[in-house]
Amino acid sequence: MAQPRKGTGEQLSEMVRCRLRPTVATVKQQHLEYSRVEIAGDFRRGSELVTDLALVAETKKPSGSEETSGGLTLAVTDKKH
């Protein structure tokens, strides 16, 4: 099992899953216009060590924006992308 290196911002994927599940639920509750919210980035690609914390939200009217807060990026897009 890989170990996160100090000072790199790496986290184990299982820790990321535990951290981001409640965040996904919160985003869904606060943005009813999002039909889907999923964990993205390194975690979605199956990396054992995750450096980028990212979510992607699907909506019918995407703003094409990306917001970053506290090291977490939220990309908003439509179903075609």
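The values are calculated or read from the model by the stated rules, or taken from the named source; none is laboratory data. Everything quoted here is computed from the prediction, not taken from an experiment. Cβ: placed from backbone, ideal geometry, glycine included. Neighbour counts: every protein chain shown.
Taking the criterion of being among the hydrophobic types (A, V, I, L, M, F, W, C) and either at pLDDT 90 or above or within 19 Å of Asp78 (Cα to Cα) (or both), the residues of segment 41-65 that qualify are Ala54, Leu55, Val56, Ala57.
Candidates are the residues of segment 23-40 that are closer than 15 Å to Thr73 by Cα and in contact with a helix residue (DSSP H, G or I) (Cβ under 9 Å, 6 or more places away or on another chain); the one that is surrounded by the fewest Cβ atoms within 10 Å (Cβ to Cβ) is Glu38.
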